[in-house]
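A.B. asks: Mind looking over this structure? Questions follow.
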Amino acid sequence: MANTIVNSWNEWDPLKHVIVGRADDCHIPPEEPALDAKVPEDSDMRGQWGRRPQETIDRANALLDTFAGQLEKRGIRVDRPTPIDHSLPATTPDFHTQSQFGCMPPRDVLLTVGSEMLEATMSYRCRWFEYLNYRPLMQQYFNEDPNFRHESAPKPRLTDADYHPDYLSDKIGDAKRLEWAAKKFFVTTEEEPLFDAADVLRFGRDLVVQHGFTTNLKGIEWLRRHFPEHRVHTVNFPGDPYPIHIDATFTPLRPGLILNNPQRRLPEDQRAMFNDNDWEIVDAAQPAHNTPPPLCYSSTWLSMNVLVLDPKTVCVEKSEVYQAEQMDKLGMEVVEVELRDAYAFGGGLHCCTADVYREGRCEDYFPSLSEEARRVSA
(Lines give C-alpha, C1' and ligand atoms only; values in the text may rest on other atoms or scores of the structure.)
Protein backbone atom coordinates (compact mmCIF):
# COMPACT_ATOMS: atom_id res chain seq x y z
CA MET A 1 0.00 0.00 0.00
CA ALA A 2 1.28 3.45 -0.89
CA ASN A 3 2.20 5.73 1.96
CA THR A 4 -0.40 8.19 3.13
CA ILE A 5 -0.69 11.75 1.86
CA VAL A 6 -3.03 13.95 3.88
CA ASN A 7 -4.42 16.74 1.71
CA SER A 8 -7.98 18.02 1.32
CA TRP A 9 -9.05 21.63 0.84
CA ASN A 10 -12.71 21.42 -0.14
CA GLU A 11 -15.78 19.20 -0.41
CA TRP A 12 -15.59 18.34 -4.14
CA ASP A 13 -12.10 17.76 -5.53
CA PRO A 14 -11.46 14.13 -6.65
CA LEU A 15 -11.56 11.92 -3.55
CA LYS A 16 -8.69 9.41 -3.29
CA HIS A 17 -8.52 8.43 0.39
CA VAL A 18 -11.27 8.47 3.01
CA ILE A 19 -12.21 7.13 6.43
CA VAL A 20 -15.54 5.28 6.64
CA GLY A 21 -17.01 4.76 10.11
CA ARG A 22 -18.22 1.61 11.87
CA ALA A 23 -21.38 0.88 13.85
CA ASP A 24 -19.65 -1.39 16.37
CA ASP A 25 -20.90 -1.12 19.96
CA CYS A 26 -22.92 2.01 19.22
CA HIS A 27 -24.95 3.29 22.18
CA ILE A 28 -27.90 5.57 22.66
CA PRO A 29 -26.28 7.79 25.28
CA PRO A 30 -27.95 8.74 28.57
CA GLU A 31 -29.62 12.12 28.99
CA GLU A 32 -27.31 15.10 29.23
CA PRO A 33 -27.85 18.84 28.62
CA ALA A 34 -26.59 18.93 25.00
CA LEU A 35 -28.44 15.76 24.06
CA ASP A 36 -31.76 16.65 25.63
CA ALA A 37 -31.97 19.78 23.50
CA LYS A 38 -31.33 17.79 20.34
CA VAL A 39 -34.11 15.22 20.73
CA PRO A 40 -37.52 16.46 19.51
CA GLU A 41 -40.38 16.24 22.01
CA ASP A 42 -42.22 13.61 19.95
CA SER A 43 -39.15 11.49 19.17
CA ASP A 44 -39.00 7.77 20.01
CA MET A 45 -35.53 8.53 21.40
CA ARG A 46 -36.99 10.25 24.47
CA GLY A 47 -36.08 8.42 27.67
CA GLN A 48 -34.12 5.66 25.95
CA TRP A 49 -30.47 4.83 26.40
CA GLY A 50 -28.18 1.81 26.22
CA ARG A 51 -26.47 -0.36 23.63
CA ARG A 52 -28.31 -0.55 20.34
CA PRO A 53 -29.72 -3.98 19.43
CA GLN A 54 -27.08 -6.24 17.88
CA GLU A 55 -29.17 -6.96 14.79
CA THR A 56 -29.34 -3.24 14.00
CA ILE A 57 -25.58 -2.90 14.55
CA ASP A 58 -24.96 -5.84 12.21
CA ARG A 59 -27.26 -4.36 9.56
CA ALA A 60 -25.60 -0.94 9.76
CA ASN A 61 -22.13 -2.47 9.56
CA ALA A 62 -23.12 -4.50 6.51
CA LEU A 63 -24.24 -1.32 4.76
CA LEU A 64 -21.10 0.58 5.78
CA ASP A 65 -18.90 -2.30 4.60
CA THR A 66 -20.70 -2.37 1.26
CA PHE A 67 -20.29 1.39 0.89
CA ALA A 68 -16.57 1.08 1.65
CA GLY A 69 -16.36 -1.62 -1.02
CA GLN A 70 -18.10 0.61 -3.56
CA LEU A 71 -15.54 3.34 -2.94
CA GLU A 72 -12.62 0.92 -3.18
CA LYS A 73 -13.87 -0.35 -6.53
CA ARG A 74 -13.64 3.24 -7.75
CA GLY A 75 -9.96 3.33 -6.77
CA ILE A 76 -10.46 5.19 -3.47
CA ARG A 77 -8.45 4.03 -0.47
CA VAL A 78 -10.67 3.40 2.55
CA ASP A 79 -9.55 3.24 6.17
CA ARG A 80 -11.71 2.31 9.14
CA PRO A 81 -11.62 3.33 12.81
CA THR A 82 -10.65 1.00 15.66
CA PRO A 83 -13.69 1.02 17.98
CA ILE A 84 -13.17 1.56 21.68
CA ASP A 85 -15.56 0.19 24.31
CA HIS A 86 -18.45 2.65 24.09
CA SER A 87 -20.24 1.03 27.02
CA LEU A 88 -17.70 2.56 29.38
CA PRO A 89 -18.74 5.78 31.12
CA ALA A 90 -17.24 9.10 30.14
CA THR A 91 -15.87 10.55 33.35
CA THR A 92 -13.69 13.59 34.01
CA PRO A 93 -13.24 15.75 37.14
CA ASP A 94 -16.12 17.88 35.81
CA PHE A 95 -18.78 15.40 34.66
CA HIS A 96 -19.89 11.78 34.54
CA THR A 97 -22.16 10.12 31.99
CA GLN A 98 -22.99 6.42 31.96
CA SER A 99 -21.96 5.53 28.40
CA GLN A 100 -20.48 6.90 25.22
CA PHE A 101 -21.78 7.02 21.64
CA GLY A 102 -19.94 5.28 18.77
CA CYS A 103 -17.68 5.75 15.75
CA MET A 104 -19.98 5.75 12.75
CA PRO A 105 -19.67 9.49 11.91
CA PRO A 106 -15.96 10.45 11.67
CA ARG A 107 -17.02 13.71 9.95
CA ASP A 108 -18.26 14.95 13.34
CA VAL A 109 -14.85 14.56 14.97
CA LEU A 110 -12.20 15.09 12.27
CA LEU A 111 -11.72 18.24 10.20
CA THR A 112 -9.20 17.98 7.37
CA VAL A 113 -7.80 21.28 6.15
CA GLY A 114 -4.89 20.83 3.77
CA SER A 115 -2.33 18.55 5.41
CA GLU A 116 -3.87 18.96 8.86
CA MET A 117 -6.46 16.75 10.55
CA LEU A 118 -7.97 18.53 13.54
CA GLU A 119 -9.84 16.75 16.32
CA ALA A 120 -12.86 18.87 17.26
CA THR A 121 -13.70 19.78 20.85
CA MET A 122 -17.09 18.02 20.67
CA SER A 123 -19.93 19.52 22.69
CA TYR A 124 -21.57 16.34 24.04
CA ARG A 125 -20.22 14.73 27.17
CA CYS A 126 -20.86 11.24 25.77
CA ARG A 127 -18.58 12.10 22.81
CA TRP A 128 -15.66 13.52 24.79
CA PHE A 129 -13.45 10.46 24.14
CA GLU A 130 -14.69 9.72 20.62
CA TYR A 131 -11.39 10.83 19.08
CA LEU A 132 -9.77 7.69 20.53
CA ASN A 133 -11.48 5.57 17.85
CA TYR A 134 -9.35 7.37 15.25
CA ARG A 135 -6.03 7.64 17.07
CA PRO A 136 -4.53 4.46 15.48
CA LEU A 137 -5.15 5.99 12.05
CA MET A 138 -3.74 9.35 13.13
CA GLN A 139 -0.59 7.60 14.36
CA GLN A 140 -0.28 5.71 11.08
CA TYR A 141 -0.69 8.88 9.00
CA PHE A 142 1.88 10.67 11.18
CA ASN A 143 4.39 7.88 10.56
CA GLU A 144 3.74 7.75 6.81
CA ASP A 145 3.33 11.41 5.83
CA PRO A 146 6.12 13.78 6.96
CA ASN A 147 3.91 16.78 6.15
CA PHE A 148 0.90 15.58 8.14
CA ARG A 149 -0.11 17.76 11.07
CA HIS A 150 -2.20 16.03 13.72
CA GLU A 151 -3.90 18.70 15.81
CA SER A 152 -6.41 18.61 18.65
CA ALA A 153 -8.52 21.54 19.79
CA PRO A 154 -8.55 22.25 23.55
CA LYS A 155 -10.77 19.73 25.30
CA PRO A 156 -13.66 21.59 26.96
CA ARG A 157 -14.68 21.04 30.56
CA LEU A 158 -18.39 20.65 29.61
CA THR A 159 -19.68 21.73 32.99
CA ASP A 160 -23.30 22.88 33.35
CA ALA A 161 -22.04 26.41 32.59
CA ASP A 162 -21.66 25.35 28.94
CA TYR A 163 -25.43 24.89 28.48
CA HIS A 164 -28.57 26.98 28.89
CA PRO A 165 -30.87 25.10 31.27
CA ASP A 166 -33.91 26.65 29.53
CA TYR A 167 -33.44 24.16 26.72
CA LEU A 168 -34.13 21.16 28.92
CA SER A 169 -37.90 21.61 29.07
CA ASP A 170 -40.04 19.02 27.30
CA LYS A 171 -42.74 21.60 26.70
CA ILE A 172 -40.93 24.23 24.65
CA GLY A 173 -42.22 23.18 21.24
CA ASP A 174 -40.90 23.98 17.76
CA ALA A 175 -42.41 27.48 17.63
CA LYS A 176 -40.36 28.62 20.61
CA ARG A 177 -37.28 26.82 19.31
CA LEU A 178 -37.61 28.58 15.94
CA GLU A 179 -37.96 31.91 17.73
CA TRP A 180 -34.79 31.19 19.69
CA ALA A 181 -32.95 30.05 16.53
CA ALA A 182 -33.84 33.33 14.83
CA LYS A 183 -32.38 35.17 17.83
CA LYS A 184 -29.28 32.90 17.76
CA PHE A 185 -30.08 31.68 21.25
CA PHE A 186 -28.92 28.07 21.38
CA VAL A 187 -28.40 25.39 24.03
CA THR A 188 -24.66 26.09 24.17
CA THR A 189 -23.34 29.16 26.00
CA GLU A 190 -20.10 31.06 25.34
CA GLU A 191 -18.36 29.65 28.42
CA GLU A 192 -15.55 28.06 26.38
CA PRO A 193 -14.83 27.19 22.71
CA LEU A 194 -17.11 24.43 21.42
CA PHE A 195 -17.35 23.06 17.88
CA ASP A 196 -18.05 19.83 16.03
CA ALA A 197 -16.11 19.28 12.82
CA ALA A 198 -19.36 18.61 10.93
CA ASP A 199 -20.35 22.26 11.38
CA VAL A 200 -17.49 23.30 9.06
CA LEU A 201 -17.57 23.33 5.24
CA ARG A 202 -14.32 23.83 3.34
CA PHE A 203 -14.17 26.09 0.30
CA GLY A 204 -10.41 26.30 -0.25
CA ARG A 205 -9.25 29.51 1.40
CA ASP A 206 -12.65 29.99 3.05
CA LEU A 207 -14.23 28.02 5.88
CA VAL A 208 -17.99 28.33 6.41
CA VAL A 209 -19.04 27.45 9.96
CA GLN A 210 -22.54 27.06 11.37
CA HIS A 211 -23.37 28.70 14.70
CA GLY A 212 -25.91 26.47 16.43
CA PHE A 213 -26.37 23.78 19.07
CA THR A 214 -22.97 22.11 18.65
CA THR A 215 -20.75 25.08 17.71
CA ASN A 216 -20.70 28.36 19.59
CA LEU A 217 -19.23 31.73 18.62
CA LYS A 218 -16.20 31.18 20.82
CA GLY A 219 -15.54 27.92 18.95
CA ILE A 220 -15.73 29.77 15.64
CA GLU A 221 -13.32 32.40 16.98
CA TRP A 222 -10.95 29.60 18.02
CA LEU A 223 -11.06 28.24 14.45
CA ARG A 224 -10.42 31.73 13.09
CA ARG A 225 -7.29 32.07 15.21
CA HIS A 226 -6.17 28.49 14.49
CA PHE A 227 -6.42 28.97 10.70
CA PRO A 228 -5.05 32.51 10.27
CA GLU A 229 -4.51 32.04 6.51
CA HIS A 230 -8.21 31.28 6.02
CA ARG A 231 -11.27 33.48 6.01
CA VAL A 232 -13.77 32.03 8.47
CA HIS A 233 -17.43 32.88 7.85
CA THR A 234 -20.20 32.41 10.42
CA VAL A 235 -23.61 31.28 9.14
CA ASN A 236 -26.86 30.27 10.76
CA PHE A 237 -30.18 28.98 9.49
CA PRO A 238 -33.20 30.40 11.36
CA GLY A 239 -35.58 27.81 9.89
CA ASP A 240 -33.91 24.98 11.78
CA PRO A 241 -35.26 24.40 15.33
CA TYR A 242 -32.48 21.84 15.95
CA PRO A 243 -29.36 23.33 14.29
CA ILE A 244 -26.88 20.48 14.62
CA HIS A 245 -24.26 20.14 11.87
CA ILE A 246 -24.36 21.97 8.57
CA ASP A 247 -24.26 19.03 6.16
CA ALA A 248 -28.01 18.37 5.97
CA THR A 249 -28.64 22.07 5.39
CA PHE A 250 -25.96 23.49 3.08
CA THR A 251 -24.18 21.19 0.61
CA PRO A 252 -21.58 22.42 -1.92
CA LEU A 253 -21.43 20.19 -5.00
CA ARG A 254 -18.76 21.91 -7.08
CA PRO A 255 -17.34 25.42 -7.52
CA GLY A 256 -20.27 27.77 -8.04
CA LEU A 257 -23.09 25.43 -6.94
CA ILE A 258 -24.62 24.72 -3.51
CA LEU A 259 -27.73 22.86 -2.37
CA ASN A 260 -29.65 24.58 0.43
CA ASN A 261 -32.36 23.00 2.53
CA PRO A 262 -35.56 24.86 1.48
CA GLN A 263 -36.82 24.83 5.08
CA ARG A 264 -33.55 26.31 6.36
CA ARG A 265 -32.50 28.89 3.79
CA LEU A 266 -29.36 30.92 4.29
CA PRO A 267 -30.43 34.42 5.38
CA GLU A 268 -30.12 37.17 2.78
CA ASP A 269 -27.52 39.11 4.75
CA GLN A 270 -25.23 36.06 4.74
CA ARG A 271 -25.48 35.45 0.98
CA ALA A 272 -23.22 38.34 -0.02
CA MET A 273 -20.02 36.30 -0.41
CA PHE A 274 -21.83 33.84 -2.69
CA ASN A 275 -23.68 36.51 -4.67
CA ASP A 276 -20.49 38.52 -5.14
CA ASN A 277 -18.76 35.53 -6.74
CA ASP A 278 -21.56 34.12 -8.91
CA TRP A 279 -22.30 31.07 -6.82
CA GLU A 280 -25.74 29.56 -7.36
CA ILE A 281 -27.65 28.40 -4.27
CA VAL A 282 -30.49 26.05 -5.23
CA ASP A 283 -33.19 24.46 -3.07
CA ALA A 284 -32.57 20.78 -2.45
CA ALA A 285 -35.15 18.27 -3.61
CA GLN A 286 -37.68 17.07 -1.06
CA PRO A 287 -36.82 13.95 0.96
CA ALA A 288 -38.35 10.69 -0.17
CA HIS A 289 -39.34 9.84 3.42
CA ASN A 290 -41.78 11.58 5.77
CA THR A 291 -40.12 10.35 8.94
CA PRO A 292 -36.59 9.34 9.97
CA PRO A 293 -35.80 5.67 10.67
CA PRO A 294 -36.55 4.30 14.16
CA LEU A 295 -34.39 5.56 17.03
CA CYS A 296 -32.69 8.13 14.79
CA TYR A 297 -31.66 11.61 15.93
CA SER A 298 -31.47 13.05 12.43
CA SER A 299 -34.17 14.66 10.32
CA THR A 300 -35.52 13.43 6.98
CA TRP A 301 -33.14 15.93 5.35
CA LEU A 302 -30.32 13.41 5.46
CA SER A 303 -31.54 13.07 1.88
CA MET A 304 -29.15 15.90 0.99
CA ASN A 305 -26.28 14.53 3.11
CA VAL A 306 -24.37 13.34 0.05
CA LEU A 307 -20.71 12.56 -0.58
CA VAL A 308 -19.18 14.25 -3.61
CA LEU A 309 -16.50 12.06 -5.23
CA ASP A 310 -15.49 14.67 -7.81
CA PRO A 311 -17.20 17.68 -9.43
CA LYS A 312 -19.21 15.38 -11.70
CA THR A 313 -19.89 12.41 -9.40
CA VAL A 314 -21.90 12.18 -6.19
CA CYS A 315 -23.01 9.40 -3.83
CA VAL A 316 -26.72 9.59 -2.92
CA GLU A 317 -28.64 7.29 -0.59
CA LYS A 318 -30.42 4.70 -2.74
CA SER A 319 -33.96 5.39 -1.53
CA GLU A 320 -33.64 9.17 -1.94
CA VAL A 321 -34.98 9.11 -5.47
CA TYR A 322 -35.91 12.80 -5.64
CA GLN A 323 -32.43 13.90 -4.58
CA ALA A 324 -30.89 11.54 -7.13
CA GLU A 325 -33.15 12.92 -9.85
CA GLN A 326 -32.12 16.47 -8.98
CA MET A 327 -28.43 15.55 -9.07
CA ASP A 328 -28.91 14.05 -12.51
CA LYS A 329 -30.54 17.26 -13.74
CA LEU A 330 -27.61 19.23 -12.29
CA GLY A 331 -25.25 17.21 -14.47
CA MET A 332 -23.91 14.84 -11.81
CA GLU A 333 -23.36 11.11 -12.20
CA VAL A 334 -25.20 9.50 -9.29
CA VAL A 335 -23.72 6.58 -7.36
CA GLU A 336 -26.54 4.91 -5.41
CA VAL A 337 -25.57 3.78 -1.91
CA GLU A 338 -27.91 1.95 0.44
CA LEU A 339 -27.43 3.46 3.90
CA ARG A 340 -30.81 4.36 5.40
CA ASP A 341 -30.69 1.58 8.01
CA ALA A 342 -27.41 3.06 9.28
CA TYR A 343 -28.73 6.63 9.67
CA ALA A 344 -29.53 6.10 13.35
CA PHE A 345 -25.87 5.43 14.11
CA GLY A 346 -24.74 8.94 13.26
CA GLY A 347 -26.06 10.24 9.96
CA GLY A 348 -25.73 9.93 6.19
CA LEU A 349 -23.08 9.55 3.53
CA HIS A 350 -21.20 12.73 4.36
CA CYS A 351 -21.42 12.10 8.11
CA CYS A 352 -20.03 8.56 7.96
CA THR A 353 -16.89 9.64 6.08
CA ALA A 354 -13.92 11.92 6.69
CA ASP A 355 -11.57 13.08 3.95
CA VAL A 356 -7.90 12.14 4.08
CA TYR A 357 -6.84 12.99 0.52
CA ARG A 358 -8.50 14.83 -2.32
CA GLU A 359 -6.55 15.89 -5.38
CA GLY A 360 -6.14 19.63 -5.79
CA ARG A 361 -4.73 22.55 -3.86
CA CYS A 362 -5.97 25.49 -1.85
CA GLU A 363 -7.76 27.93 -4.13
CA ASP A 364 -9.65 31.17 -3.65
CA TYR A 365 -13.24 30.60 -4.77
CA PHE A 366 -14.35 34.01 -3.48
CA PRO A 367 -11.92 36.54 -5.00
CA SER A 368 -14.55 39.28 -4.82
CA LEU A 369 -15.74 39.96 -1.30
CA SER A 370 -17.83 43.06 -0.67
CA GLU A 371 -17.56 45.05 2.52
CA GLU A 372 -20.80 43.44 3.67
CA ALA A 373 -19.40 39.95 3.12
CA ARG A 374 -16.21 40.86 4.92
CA ARG A 375 -18.21 42.28 7.81
CA VAL A 376 -20.33 39.13 8.14
CA SER A 377 -17.22 36.93 8.10
CA ALA A 378 -15.39 39.03 10.67
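A.B. asks: Is it the case that Val109 is surrounded by 24 or more Cβ atoms within 10 Å (Cβ to Cβ) and not small (Gly, Ala, Ser)?
C.D. replies: Against the criterion (surrounded by 24 or more Cβ atoms within 10 Å (Cβ to Cβ) and not small (Gly, Ala, Ser)), Val109 qualifies.
A.B. asks: Just a yes or no: is a residue in the stretch 124-146 modelled with pLDDT under 95, touching a helix residue (DSSP H, G or I) at 6+ places or on another chain (Cβ under 6 Å) and not hydrophobic (A, V, I, L, M, F, W, C)?
C.D. replies: yes
A.B. asks: Going by the structure shown, is Val306 under 24 Å from Thr56 (Cβ atoms) and aliphatic (A, V, I, L, M)?
C.D. replies: When the stated conditions are applied, Val306 passes them.
A.B. asks: Quick test of your reading of the structure: Glu268 fulfils all but one of (1) over 18 Å from Lys329 (Cα atoms); (2) touching a Leu at 6+ places or on another chain (Cβ under 8 Å). Name the failing condition by number.
C.D. replies: (2)
A.B. asks: Yes or no: Thr313 β-branched (Val, Ile, Thr) and open to solvent by 20 Å² or more (accessible area, probe 1.4 Å)?
C.D. replies: Here the answer is no, as Thr313 does not meet what is asked.
A.B. asks: Of the residues in the stretch 87-129, how many are more than 20 Å from the chain's Cα centre (by Cα) and either touching a residue at least 60 places away in the same chain (Cβ under 8 Å) or not in a strand (DSSP E or B) (or both)?
C.D. replies: Final tally of qualifying residues: 10.
A.B. asks: Within the stretch 62-81, work out how many residues are charged (D, E, K, R) and assigned to a loop (DSSP other than H, G, I, E, B).
C.D. replies: In the first step, residues of the stretch 62-81 are kept if they are charged (D, E, K, R); the result is 65, 72-74, 77, 79-80.
Filter once more, keeping what is assigned to a loop (DSSP other than H, G, I, E, B): 74, 80.
Here the count works out to 2.
A.B. asks: If I filter the stretch 209-264 down to residues being among the aromatic types (Phe, Trp, Tyr) and modelled with pLDDT of 95 or more, which single residue comes out as nearest to Gly346 (Cα to Cα)? Walk me through how you get there before you give the answer.
C.D. replies: Applying the first criterion (among the aromatic types (Phe, Trp, Tyr)) to the stretch 209-264 yields 213, 222, 227, 237, 242, 250.
Going one step further and asking which of them are modelled with pLDDT of 95 or more, we end up with 222, 227, 250.
On the way: Trp222: 25, Phe227: 27, Phe250: 18 Å.
For the stretch 209-264, the residue satisfying everything is Phe250.
A.B. asks: Right, something else. Return the pair list, or none, for Cβ contacts closer than 8 Å from residues in the stretch 15-29 that are acidic (Asp, Glu) to residues that are modelled with pLDDT under 95 and part of a strand (DSSP E or B), at least 6 apart or on different chains.
C.D. replies: Going by the 8 Å Cβ cut-off, the qualifying pairs are Asp25/Arg51.
A.B. asks: Output the qualifying pairs, or none if there are none: Cβ atoms under 7 angstrom, residues six or more apart or on different chains, first residue in the stretch 55-80 and at positive phi, second residue of a type outside the set (A, V, I, L, M, F, W, C) and modelled with pLDDT of 95 or more.
C.D. replies: Listed by first residue and then by second, the contacts come to nothing, as the list is empty.
A.B. asks: Separate question: From the set of residues in the stretch 320-357 that are under 16 Å from Trp301 (Cα atoms) and either among the basic types (Lys, Arg) or more than 21 Å from the chain's Cα centre (by Cα) (or both), which is most open to solvent (accessible area, probe 1.4 Å)?
C.D. replies: Ranking the candidates gives Tyr322 first.
The values are calculated or read from the model by the stated rules, or taken from the named source; none is laboratory data. This is a predicted model, so every value here is computed, not measured. With ideal geometry, Cβ positions are generated from the backbone for all residues, glycine too; neighbour counts draw on all protein chains shown. Just the protein is used for accessible areas: all its heavy atoms, side chains included, with ligands, DNA and RNA removed. Shrake-Rupley method; radii C 1.70, N 1.55, O 1.52, S 1.80 Å.
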